[in-house]
1. Largest first and in whole Å, give the semi-axes of the chain's equivalent ellipsoid, each being the square root of 5 times a Cα gyration tensor eigenvalue.
2. Would you mind calculating the relative contact order of the chain from Cα pairs under 8 angstrom and at least 6 residues apart, reporting the percent as a whole number?
3. Among rounded, prolate and oblate, which fits the range 1-159 when a ≥ b ≥ c are the square roots of the eigenvalues of its C-alpha gyration tensor, a/c under 1.5 means rounded, and a/b larger than b/c means prolate?
4. Which percent, to the nearest 5, of DSSP beta bridges fully inside the range 76-195 are antiparallel?
5. Rounded to the nearest 5, what % of DSSP beta bridges with both residues in the range 1-94 are antiparallel?
6. Go ahead and set up a Gaussian network model of the chain, Cα springs under 10 Å, then flag whichever of Ala159, Ala29, Ala216 fluctuates most.
7. I'm a student and want to see the number: the projected area of the Cα convex hull of the range 132-254, averaged over all directions, in nm².
8. Mind checking which of Ala26, Ala238, Ala63 has the largest fluctuation in a GNM of the chain, springs on alpha carbons under 10 Å?
Amino acid sequence: MPARGDKIVPGTVVVVGSANQDYVIACTALPRPGETRLAGRLRRFPGGKGVNQAVAAARLGGAVRFVGAVGDDSDGAFLIRELRSEGVDTSDVEITTVARTGLAFVSVLPDGENAITVVPGANFTLVADRTARAVRRLADASSIVVLQGEIPVPALRAAVETGVRCGARVVLNLAPYTELPAELLRLADPLVVNEVEAAALLGTPVAALGSPTEAARRLAERAASAVITLGGAGAVWARGRDGAAVPAPPVGQVLDTTGAGDAFVGGLATLLAEGHDLDAAVSFAVEVGTVAITRVGAQASYPSRADVVEAGRGRKRGEEPLAGRKSS
Ligand code: RIB
């Protein structure tokens with residue numbers, strides 16, 4: 001991390017990823033094949049794992065640049081406006097006329113769990129050349145380059161490899177799970193997955209390995225380091241023989257888990273860009289994700305730095321666990 005005089009200047013967080021317009025419906029249960037169900041309210045939110053992670057990091061004080069693609073339509077314009085209003089640099093967002101902006105259809109169940117179907121649209125127009133050029137221009141040795149699995153593999157690969165060549169640290173959130181070459185996974189520091197994605201990578205459920213810590217250790221044999229997010233149970237991380245389980249603080253009511261994993265990644269990247277180690281970054285990210293699940297929406301649920309600090313202080317004072325607070 002560069003120092004200016006006595007002041008430590010955090011590195012930039014460069015997020016290369018997806019931008020979606022989310023259509024969120026509240027439902028009592030998911031329809032089975034052949035079944036039709038009526039749902040409650042339909043709401044529209046800015047989303048996409050890439051945009052969510054960029055916004056989460058910016059709200060926590062990170063200097064964030066977003067590289068992605070949207071269609072030449074009102075959804076795309078809305079997403080760019082949202083990013084800018086959060087202070088994210090959007091100079092490297094391409095507006096394409098060959099596909100419409102990505103869409104995500106999100107069903108949220110009464111217990112806050114969600115199921116998502118994504119129509120990638122413009123996200124799948126991202127090509128290797130352009131992502132490599134953007135990362136080369138935006139990233140340096142102090143940067144954290146953040147990726148997810150919602151863009152084409154050649155574009156993802158180019159961004160990871162260019163990031164590493166620039167000396168940046170690469171956070172690879174393999175969500176959704178996408179098969180990647182072993183040599184690419186090895187560059188992830190950390191590789192961040194949930195239990196479903198971890199099982200896909202390991203070829204066996206996490207529970208079958210005895211403990212999430214053991215699963216993280218096995219993943220860390222295939223990446224520079226690994227983190228498994230465990231929902232309400234927190235997260236585990238591993239690097240070589242080091243590692244730890246980081247439990248999540250108790251919460252009152254879980255309202256909506258949509259994008260909580262993205263809030264986690266945004267928090268993780270922000271602390272790594274400030275020069276903190278993986279253990280501190282995972283602990284902070286767990287706090288960020290915990291606040292997010294007590295509020296509705298993806299980005300709408302993301303806390304500021306002050307919110308995270310306040311949630312921790314509240315627990316120390318023995319106040320009620322976070323529950324159902326509305327986002328500002
Ligand atoms: O992780 C949540 C996100 O996944 C949603 O915002 C949706 O757009 C999908 O990309």
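1. Working: eigenvalues 135, 123, 89 Å².
Equivalent ellipsoid semi-axes, largest first: 26, 25, 21 Å.
2. Values: 802 pairs, mean separation 55.6, N = 328.
Normalised by residue count, the contact order of the chain is 17 percent.
3. Working: a/c = 2.33, a/b = 1.71, b/c = 1.36.
Prolate shape, in that a/c is at least 1.5 and a/b is the bigger ratio.
4. Numbers: 6 of 13 bridges.
Looking only at bridges with both residues in the range 76-195, the antiparallel portion is about 45 percent.
5. Working: 8 of 16 bridges.
Restricted to the range 1-94, the bridges split so that about 50 percent are antiparallel.
6. Per the Cα network of the chain with a 10 Å cutoff, Ala29 tops the list.
7. On the way: hull surface 33.4 nm².
Mean projected area for the range 132-254: 8.4 nm², to one decimal.
8. Looking only at Ala26, Ala238, Ala63, the largest GNM fluctuation is found for Ala26.
None of the figures in this text is laboratory data; all of them are computed from the coordinates on show. Every value quoted in this text rests on a predicted model; they were computed, and no experiment measured them. Heads up, the Cβs are rebuilt from the backbone with ideal geometry, glycines too, and the neighbour counts pull from every protein chain shown.
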